[in-house]
Amino acid sequence: MSQKTFRLPDLGEGLTESEIVTWRVAEGDAVTVNQVLADVETAKAVVEVSSPFAGVVAALHGAEGETLEVGAPLVTFTLEGAEPDVGGPAEADGRVPTLVGYGAAPDTGKPGRRARRGSAAPATSAAPAGEPARGQAPSTSEAAPAGAGRPQPEAAEPVRADAAPEAVRGAASGERPRCTPPVRLYARRAGVDLEQVTGTGVGGVITRADVEAFLAGGGQPAAAATPPQSGAESGSTGGVRTLGGRPRTEAVPVKGVRKATAAAMVQSAFTAPHVTEFLQVDVTETMELLAELKASREFRDVKLTPMTLAAKACLVAMERTPDVNARWDEAAGAIVQQNFVNLGFAAATPRGLMVPNVKDAQAMSLAELADAIRDLTGLAREGKLSPADLAGGTFTLTNVGVFGVDAGTPIINPGEGAIIAIGQVRRMPWEHRGEIALRDVMTLSLSFDHRFVDGEQGSRFLADVGALLRRPGLTLTMV
C-alpha cells in the first residue's frame with residue numbers, strides 16, 4: 001500500500017489557478033483511471049478533472065468554492081502495490097510526462113471541424129501552427145498528508161443530457177440535488193440551498209431557470225451573500241428602498257472569467273495602440289438575402305443571423321487584407337502572418353463574457369460556419385467550453401446589435417490584430433438611387449493594432465466588409 005498525491009494540473013494556456021465547483025468523489029471512494037474527480041472553474045471554462053490513478057480517495061484538498069493554485073494538492077490516493085508517478089521529474093529525453101486525459105486537442109482530420117466530446121477528460125489548448133502545445137502536467141511525485149479537519153462533500157455523479165430519467169436520482173435518496181456545475185455555482189453565489197429547489201429538467205435535474213423561479217417565488221437564500229451591515233450601509237435603515245431589496249453595498253469577489261477578462265482588457269488596452277474606425281452600411285440586400293436563405297431547403301435547419309453573414313463577409317475580405325489576421329510577437333520582434341482564421345465571437349453567458357473561436361473558419365461553407373457558431377454558443381451558455389475552444393483565436397467579431405446598440409469601440413483580444421463590432425440593423429431614411437427611402441442600415445466598428453495594421457489596411461478591410469454587406473453579390477469578385 002502506498003499514497004500518491006494528485007496535484008491540480010495546468011488545464012491549458014498557462015492558467016495559474018482554478019476554483020473547485022463540485023466534488024464528484026468523497027473520501028473512501030474507490031476510483032478508476034480517468035474517472036472524474038471534480039468540476040473546476042478556470043478563468044476560461046468549467047472543466048472536468050480526471051484521475052490519473054486507480055485507488056481509494058484518502059483525502060480531498062479544498063472545499064467547493066475554494067480556489068487552488070496550479071500544482072497545489074488536489075486529491076490524495078491510497079494505492080495498492082507500486083504505481084508510477086504522474087507528472088514527476090522529466091524523463092531521460094527531457095519530456096515532461098502528461099496526465100492521462102490531458103494534452104493537445106485531438107485532430108479531427110478535417111479543417112475547422114471540432115471533435116465530439118465523448119470522454120470525461122478535457123483537452124488542453126491547441127497551440128497555433130508553429131508553436132508548442134501547452135497544458136502539460138505539474139509534478140505529483142511528492143506525497144501529501146491527508147487533509148484532516150476539512151469538511152468533505154458528498155459524492156455526486158455526472159449528469160448527462162442523454163441519460164434516461166431513471167438514471168437521475170433525486171435528493172429523496174439521500175444524494176446531492178442534481179444539476180450542472182454552472183447551475184450549482186450560480187445557486188451557491190445566490191445563497192440558495194438546492195435541497196429546497198424543485199428540478200424541472202430531465203429526470204428532475206435542477207436548471208438555472210428553476211433557481212431563478214425559486215428566488216422570484218419568494219424563496220429565501222440559505223445564507224446572506226455578505227455580512228449584515230449597520231447604519232447607512234444597511235438596506236433597511238430609515239425605510240429607504242434599495243435596488244431589488246438588497247443591501248446598499250455588496251462585495252463581489254473578482255475571480256474566474258471576470259478576473260481573466262479584466263486582466264486581458266487592461267493588458268490589451270495599454271500594450272496595443274488601438275485605432276477604431278466606423279462605417280455605416282446599407283444592408284438591405286443582405287437582409288433580403290438572409291430571408292431568402294432561411295426560406296430555402298438547403299438552409300431550412302441552419303441558424304442564420306446577420307452576424308453569420310457578417311462573419312462570412314469578414315472571412316472573404318480577409319483574403320484581400322490578411323494583415324488584420326496577423327499578430328505581434330514582442331519576444332521575436334516580428335509580425336507573424338497567420339494564413340488561417342480562428343474566428344472568435346463574443347458570447348454573453350451566466351459566467352461572464354466568453355470568446356470561443358471557430359477553428360479554421362476560412363475553410364468552412366456558410367452552413368458549416370453557422371453550425372459551428374451555434375454549437376459553440378450552446379456550449380458557452382452551458383458552461384461546457386474547453387480551454388481549447390477558447391484558445392488560439394486570430395480575429396474576433398462581436399455583435400453589440402443584439403442589445404440595440406449601434407456602435408462601440410471594441411478592445412482587441414490579446415494576441416490578435418483586430419476586432420470588429422456589428423451594430424443593430426435599423427430601418428432609417430437613406431439615399432438610394434438618387435432618392436430618399438427607408439433602408440436597413442448597420443454600423444460597423446473596427447479596432448486594430450496600429451503597430452502592424454496601418455490606416456490604409458484597416459480602412460480597406462472595413463470598406464470591403466461594408467461593400468460585401470451592401471451588395472452580397474460582390475463576393476464572387478473577391479474569391
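The values are calculated or read from the model by the stated rules, or taken from the named source; none is laboratory data. Not measured: the values here are computed from a predicted model. Neighbour counts run over all protein chains shown; Cβ positions are idealised from the backbone, glycine included. Just so you know, the surface numbers come from the protein's heavy atoms only, side chains and all, with ligands and any DNA or RNA stripped out. Shrake-Rupley method; radii C 1.70, N 1.55, O 1.52, S 1.80 Å.
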Fill in the blank from the handout: If the chain between Asp454 and Glu285 were fully extended at 0.36 nm per residue, the gain over the current Cα-Cα distance would be 57.8 nm
Problem - Cα→Cβ-extended label distance, 7 Å offset, between Ala348 and Lys259, nm - result: 2.5
Handout entry: Alpha carbon centroid spacing (whole Å) that separates the range 16-70 from the range 375-416
Key = 28
Exercise for the section: Run the numbers on the range 264-477 and let me know its relative contact order in percent, using alpha-carbon pairs under 8 Å that are six or more apart. Expected result: 31
Fill in the blank from the handout: Measure of exposure for Ile411: accessible area at 1.4 Å probe, Å² rounded to 10, is 60
Fill in the blank from the handout: Residues other than Ser445 with Cβ under 11 Å of its Cβ, Lys/Arg counted +1 and Asp/Glu -1, net out at -2
Problem - Gain in span if fully extended, Glu250 to Leu474, counting 0.36 nm per residue against the direct Cα distance - result: 75.3 nm
Exercise for the section: Quick one: which residues, 5 or more positions from Val275 or on another chain, have an amide H under 5 Å from its amide H? H modelled 1.01 Å from N in the peptide plane, none for Pro or chain starts. Expected result: Phe448, His450
Fill in the blank from the handout: Amide H neighbours of Val441 at under 5 Å, excluding residues fewer than 5 places away on the same chain, with H built from the backbone geometry, are Val283, Arg426, Arg427, Met428
Problem - Pair Asp29, Arg374: separation of 7 Å Cα→Cβ label points (nm) - result: 3.5
Practice task
Would you mind getting me the FRET efficiency between Met1 and Ala63? Use the beta-carbon distance for r and R0 = 25 Å, nearest 0.05.
Solution key: 0.40
Exercise for the section: Mind running the shape call on the range 2-79? Use the C-alpha gyration tensor, a ≥ b ≥ c as the square roots of the eigenvalues: rounded below 1.5 for a/c, prolate if a/b tops b/c, oblate otherwise. Expected result: prolate
Handout entry: Zone of Gln267's modelled label, taken as backbone nitrogen in the range 377-396 under 17 Å from a point 7 Å along Cα→Cβ
Key = 387-396
Exercise for the section: Pop out the carbon and sulfur fraction of the accessible area of the range 2-79 as a percent, whole number, probe 1.4 Å. Expected result: 48
Problem - 13 Å beta-carbon shell around Gly417, net charge (K/R +1, D/E -1) - result: -3
Practice task
Calculate the spin-label point distance for Ala209 paired with Ile335, positioning each point 7 Å from the Cα along the beta-carbon direction, and give it in nanometres.
Solution key: 5.0
Exercise for the section: With an 8 Å cut-off on Cα pairs and a minimum separation of 6 or more residues, tell me the relative contact order of the range 295-340 in percent. Expected result: 22
Problem - Filtered trypsin sites (Lys or Arg not before Pro), the range 410-449: DSSP coil and at most 14 other beta carbons within 10 Å - result: Arg433
